[in-house]
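Colleague: My structure is below; once you've seen it, I'll send some questions.
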Amino acid sequence: MINTSHPFYKKTWVRITIPSFCIIWAFIEYLIGSKNWALFFGIIGIYSGFILLIRYQKNENEENKK
């Protein structure tokens, strides 16, 4: 569902910011008392963290440039 080959996800800070924001927002929603929204954003944060941080693979062009 997340196209990691898109140039937007090249930068490491972008790949870290997206799941971090979702997890922080889930925590805020939990503190407010909206447990359903907290669960929703928590799941999105975990999923995007898994895809963007763990399964992310640099394509061959990026590896050759370094």
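Colleague: Spot the failing condition for TRP37; the list is (1) assigned to a loop (DSSP other than H, G, I, E, B); (2) modelled with pLDDT of 90 or more, and only one is missed.
Modeller: The single condition TRP37 does not satisfy is (1).
Colleague: Among the residues of the stretch 20-48, count how many are within 23 Å of THR4 (Cα to Cα), of a type in the set (Phe, Trp, Tyr) and surrounded by fewer than 15 Cβ atoms within 10 Å (Cβ to Cβ).
Modeller: Here the count works out to 2.
The values are calculated or read from the model by the stated rules, or taken from the named source; none is laboratory data. Everything numeric here is computed off the predicted structure, so don't read it as measured data. Positions of Cβ are generated from backbone atoms using ideal geometry, with glycine treated the same way; all protein chains shown enter the neighbour counts.
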